[in-house]
1. What are the residues in region 349-362 that are surrounded by fewer than 19 Cβ atoms within 10 Å (Cβ to Cβ) and either closer than 28 Å to residue 76 by Cβ or within 10 Å of the ligand (Cβ to nearest atom) (or both), if any?
2. Six or more apart or on different chains, Cβ atoms under 6 Å: show the pairs whose first residue is in region 432-449 and free of Cβ contacts under 8 Å to residues at least 40 places away in the same chain and whose second is surrounded by 14 or more Cβ atoms within 10 Å (Cβ to Cβ).
3. Being within 20 Å of residue 232 (Cα to Cα) and assigned to a strand (DSSP E or B) is the filter; apply it to region 87-110 and report the residue that is farthest from the ligand (Cβ to nearest atom).
4. Could you please let me know if residue 125 is out of contact with any strand residue (DSSP E or B) (no Cβ under 9 Å at 6 or more places or on another chain), more than 9 Å from the ligand (Cβ to nearest atom) and within 23 Å of residue 85 (Cα to Cα)?
5. Against the definition (under 18 Å from residue 126 (Cα atoms) and out of contact with any helix residue (DSSP H, G or I) (no Cβ under 6 Å at 6 or more places or on another chain)), how does residue 389 come out, yes or no?
6. Give the residues of region 130-151 that are crowded, with 20+ Cβ neighbours inside 10 Å and either more than 8 Å from the ligand (Cβ to nearest atom) or farther than 20 Å from residue 201 by Cα (or both), sorted by residue number.
7. Can you name the residue in region 111-122 that is more than 14 Å from the ligand (Cβ to nearest atom) and in contact with a strand residue (DSSP E or B) (Cβ under 6 Å, 6 or more places away or on another chain) and, of all such residues, is farthest from residue 417 (Cα to Cα)?
8. Based on what the data block shows, is residue 379 under 20 Å from the mean Cα position of the chain (by Cα) and either more than 16 Å from the ligand (Cβ to nearest atom) or under 24 Å from residue 99 (Cα atoms) (or both)?
Amino acid sequence: MSEQFDNTAGPLTTESGAPISNNNQSEAAGVGGPLLIQDQVLLEKLAHFNRERIPERVVHARGAGAYGTFTVTADVTKYTKAHFLSQVGKETETFLRFSTVADSLGGADARRDPRGWALKFYTEEGNYDLVGNNTPVFFIRDAIKFPDFIHTQKRDPYTGSQEADNVWDFWSLSPESVHQVTWLFGDRGIPASYRHMDGFGSHTYQWVNEAGEQFWVKYHFKTDQGIKNLTQDEANKLAGEDPDSHQRDLRESIERGEFPSWTVQVQIMPAAEAPSYRYNPFDLTKVWLNEDYPRITIGKLELNRNPDNIFAEVEQSIFSPAHFVPGIGPSPDKMLQGRLFAYGDAHRYRVGINADHLPVNRPHATEARNGNRDGLGYDGRHGRQKNYEPNSFGGPHETGQPLWAPVHVNGPTGEWETPAHSEDDDFVQAGKLYRLMSEDEQDRLIANLSGFLAKVTREDIVQRAIANFAKADENYGKRLAVAVAELRK
Ligand code: HEM
């Protein structure tokens, strides 16, 4: 080996540790001859390379993550018994993975798309995952529609591209999407970076205190960097020039010691008020108005450490809305209920049955203790411990204390629609959002929407979509109709 190399790391070896004599020429049967099957260095290297990829996430495939610290800044013990929220000043380690939704792993960051906000709190009572977005609402309100919705966002089975026809066909046939679509095509639809956007838990969750009193809660993470967005033109340019713009921005800001932070707020609704609230509080297409349930500041989230290895810590990271801790639980939101199944299932498929044991995924402030064993990739961590419960050898035992409080239900089973409350319909909050926008923002919204809608090839789909926006606000629908007609001349 030439003198120019630093040899202090010792010899290169095979996976079984044998020194490798030549990593540049494979072993041939004679000079200029074919290769030999006995060249295990070559075979092992090629075989390992073929297996480098795991399935990408079916949604949110592109992402970037960072570790951080959550600090409690207000006493919330009257609402929840969660230990990590039990004391002002208490700090909890976190890992946050941001993402875009529709693009595949090799896509670009600067897209008009919701951003994922998957936050893991490594608490002493187990990991608590809050898997939200940068938007307070969503396109649909029942989990059974999610695969259909995502199929329209992803590539068409024939053309292999995202098709405006499919996207608008689904949205126009799912009028509950109008609120989220209005949000997405407004100014916040393309954040300038992951640091310059807010995060939301989006769903309603349950908090329960020591006395067993229940509250419904919504989480908000307000960026301390300020909101910054890209226009469609800026994004189109950036996506071409620097597809990794968001990922790079996050890593570099942490490297510079500019740690991004968010002010953590919650809206809290006493459980007894839910039935009479003007909007169904478990409908993910609706927000709770701030005037009804003002946001309370409860903490600070700071990101301060980059992962060392993207594959190990970001690609293999897993987050599940079903990862709760004592004092926090699900609501009957039909989207959330479906997600309680979907994520664990995705993890077992994508990362394997022992995904929870990986360093980024396992509890950091406590340990997992149960009778689950073995399977692909099992590391033998339990040694000789018994693998059943109950047992009389000092094994872990059940607590008899559910994490969350029971929810009262009644009535027959059935494929029921999400019940409408006094002011609910599919359009009311979309209209409010439209009217809240400045005239400039309305202009950009109409331009963004019409630019995409004008690509639809079928007039009936275009008209159905416009009719939905008109139901949100007559002027909104009219302006959109004019803009689309202009583009389709
Ligand atoms: C019923 C509707 C939904 C279903 C079935 C669903 C399913 C999934 C699946 C299968 C993944 C990939 C998980 C993995 O491979 O690790 C995923 C990722 C994700 N989903 Fe959903 N999703 C739904 C709705 C939502 C909603 C409403 C939000 C936000 C409010 C959301 C936020 C996310 C985020 C942030 C990720 C990326 C997690 C990560 O960084 O690993 N999803 N979703």
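The values are calculated or read from the model by the stated rules, or taken from the named source; none is laboratory data. All values derive from a computational prediction rather than experimental measurement. Please note: Cβ atoms are built from the backbone with ideal geometry, for glycine as well, and neighbour counts cover all protein chains shown.
1. Within region 349-362, 349, 350, 362 meet the criteria.
2. Once the first residue is free of Cβ contacts under 8 Å to residues at least 40 places away in the same chain and sits in region 432-449, its partners that are surrounded by 14 or more Cβ atoms within 10 Å (Cβ to Cβ) give 446/479; 446/480; 446/483.
3. 100
4. Values: out of contact with any strand residue (DSSP E or B) (no Cβ under 9 Å at 6 or more places or on another chain): yes; more than 9 Å from the ligand (Cβ to nearest atom): yes; within 23 Å of residue 85 (Cα to Cα): yes.
For residue 125, the condition - out of contact with any strand residue (DSSP E or B) (no Cβ under 9 Å at 6 or more places or on another chain), more than 9 Å from the ligand (Cβ to nearest atom) and within 23 Å of residue 85 (Cα to Cα) - is met.
5. Numbers: under 18 Å from residue 126 (Cα atoms): no; out of contact with any helix residue (DSSP H, G or I) (no Cβ under 6 Å at 6 or more places or on another chain): yes.
So residue 389 does not fit the description; no.
6. So the first thing to find is which residues in region 130-151 are crowded, with 20+ Cβ neighbours inside 10 Å, and the list is 130-141.
Result: 130, 134, 136, 137, 139, 141.
7. So the first thing to find is which residues in region 111-122 are more than 14 Å from the ligand (Cβ to nearest atom), and the list is 111-112, 121-122.
Then drop every residue that is not in contact with a strand residue (DSSP E or B) (Cβ under 6 Å, 6 or more places away or on another chain), which leaves 111, 121-122.
Values: 111: 33, 121: 34, 122: 36 Å.
Residue satisfying both the conditions and the ranking: 122.
8. On the way: under 20 Å from the mean Cα position of the chain (by Cα): no; either more than 16 Å from the ligand (Cβ to nearest atom) or under 24 Å from residue 99 (Cα atoms) (or both): yes.
When the stated conditions are applied, residue 379 does not pass them.
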